[in-house]
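The block underneath contains the structure these notes are about, expressed in structure tokens.
The values are calculated or read from the model by the stated rules, or taken from the named source; none is laboratory data. These figures come from a predicted structure and were not determined experimentally. Cβ coordinates were reconstructed from backbone atoms using ideal geometry, including for glycine residues, and neighbour counts include every protein chain displayed. Surface accessibility is based on the protein's heavy atoms, side chains included, excluding ligands, DNA and RNA. Shrake-Rupley method; radii C 1.70, N 1.55, O 1.52, S 1.80 Å.
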Amino acid sequence: MGTVFVITDSAFETMSDNENAVDITQAEFKKRLLRFLTVPGRLDDHAIRKAIEKGKGTASFASLSGENLKAKLDGDTIVVFDSWNNSARVIASNFYHKQGFFHIVDGLIFSTEE
């Protein structure tokens, strides 16, 4: 079971020059990114919001990469962010699949793995 945060194509089109230095077509980069954006377990929108509430404003989820993917609320919108404070808004959520959930995010968040 897993929950995946999926980055929109348009987010990749807005990459800065530094971010463009990363070859996003490279297989190893794709693997690292997918491990970072995947959290074990089934986390729907409600579960994420409850974790944020329980964490007094911020929730931290251990990803498959071993790093923490964090979440907070901005008004009523869930915002996920990485250890560099890059953030992405959850723009669509609760896409159920038999192994968990997908949530669509509008920004780039990255693993710190080399």
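Some values worked out for this structure:
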quantity	calculated
Ser87 of a type in the set (Gly, Ala, Ser) and open to solvent by 50 Å² or more (accessible area, probe 1.4 Å)	yes
Answer residue from the stretch 64-84, given it is crowded, with 17+ Cβ neighbours inside 10 Å and among the small types (Gly, Ala, Ser) and is nearest to Ile52 (Cα to Cα) among those	Ala71
Of residues in the stretch 68-85 being in contact (Cβ under 8 Å) with a residue 12 or more places away in the chain and among the charged types (D, E, K, R), the one farthest from Thr3 (Cα to Cα)	Asp74
Candidate set: the stretch 96-114, residues that are touching a residue at least 60 places away in the same chain (Cβ under 8 Å) and part of a loop (DSSP other than H, G, I, E, B); chosen: the one farthest from Ala11 (Cα to Cα)	Gln99
Residue that is farthest from Gly107 (Cα to Cα), among those in the stretch 36-88 that are at pLDDT 95 or above, in a loop (DSSP other than H, G, I, E, B) and out of contact with any strand residue (DSSP E or B) (no Cβ under 9 Å at 6 or more places or on another chain)	Lys56
Any chance Ser93 is touching an Asp or Glu at 6+ places or on another chain (Cβ under 7 Å), farther than 21 Å from Ser10 by Cβ and open to solvent by 20 Å² or more (accessible area, probe 1.4 Å)	no
